[in-house]
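*Asks:* I have a structure I would like to understand better, so I am pasting it below and will then ask my questions one at a time.
Coordinate-derived values only; no laboratory data. The structure displayed is predicted, hence computed values, not measured ones. Using ideal geometry, Cβ is built from the backbone for each residue, glycine included, and neighbour counts are taken over all protein chains shown.
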Amino acid sequence: DAKTTQPPSMDCAEGRAANLPCNHSTISGNEYVYWYRQIHSQGPQYIIHGLKNNETNEMASLIITEDRKSSTLILPHATLRDTAVYYCIVDNNAGNMLTFGGGTRLMVKP
Amino acid sequence: KAGVTQTPRYLIKTRGQQVTLSCSPISGHRSVSWYQQTPGQGLQFLFEYFSETQRNKGNFPGRFSGRQFSNSRSEMNVSTLELGDSALYLCASSLGTLYTEAFFGQGTRLTVV
């Protein structure tokens, strides 16, 4: 079973920041938080991952709370091409055995 | 560099037949994982191969099997196909070391009729 809880859907206006929340209250000390997204009919795409510090790359920022029980993925300036299902995954197995939950379907609107 | 390549992209089979799907990982990647995606069950982990050995296995019946070759290419086989095996089968490759990202292929869409 997935160890994360995400809202099933969210809307965001084009050009605005998209903030996608994820709860992982049972996360253990050696588990990382990964984010992937899946654009319709394509394979999932890696976005970012982190352990306890906030992380940023060219795609997004990951904010992890101090108690590590929740996190937020931030897409700073959402575009129509960011419309996808976003999966938050907690993993302690080197990222090779991912347990996907239902994800959040993000709709970016003009 | 080239991404993960899965062949074929689409496949139609009849109940009771068997099917073999192929995955070529990114050069240098030693881990290949397979996933099944259906509308009802979502994305589910099938198994992972690392250096020609199955390292992890999901909760699927024995009809689902796989193997990995010395060049890291992987195949998965489904025998005695059932209608419920209709799905998008995704392959992901990674370095196989701790906490690295997985790169997914475009998938093979299998339809069982």
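*Asks:* Please state the relative contact order of chain A as a whole percent: Cα pairs under 8 Å, 6+ residues apart?
*Replies:* It comes to 38 percent, rounded to a whole number.
*Asks:* I'd like the Kirkwood hydrodynamic radius of chain B, using the inverse of the mean 1/r over distinct C-alpha pairs, in Å.
*Replies:* For chain B, inverting the mean 1/r across all distinct Cα pairs yields 13.9 Å.
*Asks:* Amide H to amide H, which residues 5 or more places from A:A78 or on other chains are under 5 Å from it, using H placed in the peptide plane?
*Replies:* Answer set, sorted by chain and number: A:G15, A:R16, A:A17, A:A18.
*Asks:* Please get the size of the charge dipole for the protein assembly as shown, origin at its Cα centre, with Cβ charges of +1 on Lys and Arg and -1 on Asp and Glu, quoted in debye to the nearest 20.
*Replies:* Dipole about the Cα centre, nearest 20: 500 debye.
*Asks:* Further question on the same structure: On a straight-distance basis, which lysines could pair with A:K52 in a cross-link, Cα separation under 16 angstrom, same-chain partners fewer than 8 positions away excluded?
*Replies:* A:K52 reaches A:K69.
*Asks:* Springs between alpha-carbon pairs under 10 angstrom, Gaussian network model over chain B: which of B:T53, B:T80, B:T100 fluctuates most?
*Replies:* B:T100
*Asks:* If you count, for every residue in B:94-103, the Cβ atoms of partner chains within 10 Å of its Cβ, what is the mean?
*Replies:* Mean partner shielding for this stretch: 6.
*Asks:* Averaged over peptide B:40-53, how many Cβ atoms belonging to another chain are found within 10 Å of each residue's Cβ?
*Replies:* Taking the mean over all residues of the peptide, I get 3.
*Asks:* I would also like to ask the following. Using alpha-carbon pairs under 8 Å, 6+ residues apart, how would you state the relative contact order of chain B in percent?
*Replies:* 37 percent
*Asks:* Loop only by DSSP, 16 or fewer other Cβ within 10 Å of the Cβ. Give me the GluC sites (Glu not before Pro) in the range A:8-68 that pass, ordered by residue number.
*Replies:* Taking the range A:8-68 and a limit of 16 other Cβ atoms within 10 Å, the loop GluC sites (Glu not before Pro) found are A:E14, A:E58, A:E66.
*Asks:* What range in chain A is the longest one free of trypsin sites (Lys or Arg not before Pro) that are in a loop by DSSP and have at most 16 other Cβ atoms within 10 angstrom?
*Replies:* Longest gap between qualifying sites, sites excluded: A:70-110.
*Asks:* How big is the range A:33-110 by Rg and Dmax over its Cα atoms, in Å?
*Replies:* 12.5, 39
*Asks:* Can you pull out the cysteines in chain A that have no other Cys Cβ under 4.7 Å?
*Replies:* Unpaired cysteines in chain A: A:C12.
*Asks:* Shielding of A:25-37 by partners, i.e. mean partner chain Cβ atoms within 10 Å per residue?
*Replies:* Shielding by partners across A:25-37 averages 1.
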